[in-house]
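Chemist: My questions all concern the structure below.
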Amino acid sequence: MKNIDLKEKYNDLHKQGASSWFSTGWEERKGIIEMGEPWTGLNVLEIGCGEGDLCVLMDMAGANGPIGIEYSDVAFTTACQRCGHLEFRLGDYRDPNVHPTKRVDRIVMEGVLEHLDDPFKELKWMIDNLLSPGGDIITSSPAFINPRGFILMALQKLFNVPITLADLHYLNPWDFERFCEDVNMELDYLSVEYDWGFGQNMVDDLKKRLPNCLRDAGMSELGVPNLIKWLQDMANEVTWEGGDLDGAAIVYHITRKE
């Protein structure tokens, strides 16, 4: 499967509305805004802007009229209807007729890189072609260094079970560290969505996700209730402190070395 094959899937999800997404994405967006302070006066480009929620927050934080690019025509239409005071563009961010003609101060992505055919090749292209010399990138992706992630990665790595609807890659902090070393840039990160990684949200997610994953892989789902019961007991009885990498998503801030 390639990124272009996901377009209709995303159109369908956006037609279904917010109920089709397990997470609202609020914690990721909040983390992105926090990592990016200050936003005042920055020319910002969001790639994969969806329905415009993050563009609105960046605008409120002081960004200089953020521009959002989206390839789902359904999401693009919704963004234009909901956020008419902002600029949204429909199409491929590589298309010179779509992306801004002038380089931007900051590129932002929320849960986008893992859906691209070659995430770090694309990230390098963005740096080389869209980012100003003093600019930075803030991007978020799912993370798997938590009980939820261990369960899903075991299924994916051992049995090639399709653990998500649309992720083409499962990115890790060390992948971003290696990339930044290769391009001579610096990396900071912020872990978010802790309850999704090891709390009640994790239990609710896996209760819904695991039967579908196993069914799609042609495997038995009969043992899922037993695992869910054990996970529920754990979530009720164990208090996780939440380390630097334990959340179900991580916000990465990539900056140029001084």
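Chemist: Mind listing the long-range amide H neighbours of Leu42? Cut-off is under 5 Å, sequence gap 5 or more, other chains count too, H placed in the peptide plane at 1.01 Å from N.
Modeler: Asn64
Chemist: Starting from the Cα-Cα distance between Thr255 and Asp117, subtract it from 0.36 nm times their residue separation and give me the gain in nm to one decimal.
Modeler: Working: separation 138, 0.36 × 138 = 49.68 nm, distance 2.33 nm.
Extra length from Thr255 to Asp117 when fully extended: 47.3 nm.
Chemist: If each residue's Cβ is checked for other Cβ atoms within 10 Å, how do Met109, Met60 rank with the fewest at the top? It would help to have the intermediate numbers written out before the result.
Modeler: On the way: Met109 27, Met60 10.
Least to most surrounded, the residues fall as Met60, Met109.
Chemist: Fewest first, what order do Glu37, Glu193, Glu87, Glu70 take by the number of other Cβ atoms within 10 Å? Please report the intermediate quantities before stating the final value.
Modeler: Values: Glu37 9, Glu193 25, Glu87 15, Glu70 28.
Ordered by Cβ neighbours within 10 Å, fewest first: Glu37, Glu87, Glu193, Glu70.
Chemist: Hey, what angle do you get for helix 147-159 against the long axis of the chain, alpha-carbon based, 0 to 90 degrees rounded to 10?
Modeler: Its long axis makes an angle of about 80 degrees.
Chemist: With charges only on Cβ, +1 for K and R and -1 for D and E, what is the dipole size of the chain about its Cα centre, in debye, rounded to 20?
Modeler: Details: 24 positive and 43 negative charges, 118 e Å.
Approximately 560 debye in magnitude.
Chemist: To continue, here is another question. Using the Cα centre of the chain as origin and beta-carbon charges of +1 (Lys, Arg) and -1 (Asp, Glu), tell me which of Leu227, Val98, Leu131 is placed farthest towards the positive end of the dipole.
Modeler: Val98
Chemist: Residues in the range 163-196, backbone N under 11 Å from the label point at Asp244 (7 Å along the Cα-to-beta-carbon vector): list them, ranges by number please.
Modeler: Once the point is set 7 Å along Cα→Cβ of Asp244, 188-191 turn out to lie under 11 Å by backbone N, inside the range 163-196.
Chemist: Follow-up question, since we're still on this one. Which whole-angstrom value gives the distance between the alpha carbon centres of the range 82-96 and the range 196-224?
Modeler: Comparing the Cα centres of the range 82-96 and the range 196-224, I get a distance of 36 Å.
Chemist: Right, something else. Tell me which residues come under 5 Å, amide H to amide H, from Glu87 once H is placed; ignore anything under 5 positions away on its chain.
Modeler: Gly68
Chemist: Report the longest stretch of the chain that contains none of the trypsin sites (Lys or Arg not before Pro) sitting in a DSSP loop with at most 11 other Cβ atoms within 10 Å. List each step's numbers first, then the result.
Modeler: Numbers: sites that count: Lys2, Lys102, Lys257.
For trypsin sites (Lys or Arg not before Pro) (loop position, at most 11 other Cβ atoms within 10 Å), the longest site-free span of the chain is 103-256.
Chemist: Here's a follow-up. Answer rounded, prolate or oblate for the chain, using the Cα gyration tensor with square roots of eigenvalues a ≥ b ≥ c: rounded when a/c is under 1.5, else prolate when a/b is larger than b/c, else oblate. The partial results should precede the final answer.
Modeler: Details: a/c = 1.79, a/b = 1.54, b/c = 1.16.
Note, shape of the chain comes out prolate.
Chemist: What's the extension gain from Asp73 to Asn184 if we count 0.36 nm per residue and subtract their Cα-Cα distance? Let's see the in-between values first.
Modeler: Numbers: separation 111, 0.36 × 111 = 39.96 nm, distance 3.61 nm.
In short, 36.4 nm is gained.
Chemist: While we're here: From the backbone phi of the range 95-103, what are the Karplus-calculated ³J(HN,Hα) couplings (6.51 cos²θ - 1.76 cosθ + 1.60, θ = phi - 60°) in whole Hz, Gly and Pro given as x?
Modeler: 6, x, 7, 10, 6, x, 6, 9, 5
Chemist: Among all lysine pairs in the chain that are eight or more places apart or on different chains, how many have alpha carbons less than 17 angstrom apart? Before the final figure, lay out the partial values.
Modeler: Working: Lys2/Lys121; Lys7/Lys15; Lys124/Lys257; Lys207/Lys229; Lys208/Lys229.
Close lysine pairs under the 17 Å cut-off: 5.
Chemist: Note down the nm distance, to one decimal, between modelled labels 7 Å out along Cα→Cβ at Gln81 and at Glu34.
Modeler: 3.3
Chemist: May I ask you to compute the full-extension gain from Leu165 to Asn97, defined as 0.36 nm times their residue separation minus their alpha-carbon distance, rounded to one decimal in nm?
Modeler: Working: separation 68, 0.36 × 68 = 24.48 nm, distance 3.02 nm.
Full extension from Leu165 to Asn97 adds 21.5 nm.
Chemist: Pop the C-beta distance of Met153 and Asn129 into the FRET formula with R0 = 35 Å and round what comes out to the nearest 0.05. Provide the component values of the computation, followed by the final result.
Modeler: Numbers: r = 33 Å, r/R0 = 0.95.
Working from the Cβ atoms, E equals 0.60.
Values quoted throughout were computed directly from the atomic coordinates according to the rules given, and no laboratory measurement underlies them. Values in this document were obtained by computation on a predicted structure and should not be read as measured data. All Cβ positions, glycine included, derive from the backbone under ideal geometry; neighbour counts span all protein chains shown.
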